[in-house]
């Protein structure tokens, strides 16, 4: 864009504003991912999400537990994914790595 020309997103947080009341994917530090509806955000990237599905990935050396999906990493290690659901969630902005809209199919 040329100087002085305004589009739908002239600053980085404008892209987040365009996702308000939409389903978003949020990547967090600590091998966590969220999918939910974005209700609010601020300049620190604190987020308020509803109908949230959280996926946590952990390296596991133990036997397979029921209900957990596992991905083989090495001979004796696997990555286990644990899924949690929350009705409403506040996400502190210093843990946010990425916010992306989810494609509608």
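The values are calculated or read from the model by the stated rules, or taken from the named source; none is laboratory data. Everything quoted here is computed from the prediction, not taken from an experiment. Here the Cβ positions follow ideal geometry from the backbone for every residue, glycine too, while neighbour counts run over all protein chains shown.
For the range 80-105, filtered to residues that are farther than 14 Å from residue 38 by Cβ and assigned to a loop (DSSP other than H, G, I, E, B), the residue that is modelled with the highest pLDDT is 92. Counting only strands (runs of 3 or more DSSP E) that sit wholly inside the range 1-78, those with at least 1 residues that are under 21 Å from residue 97 (Cβ atoms), modelled with pLDDT under 95 and in contact with a strand residue (DSSP E or B) (Cβ under 7 Å, 6 or more places away or on another chain) are 47-60, 69-72.
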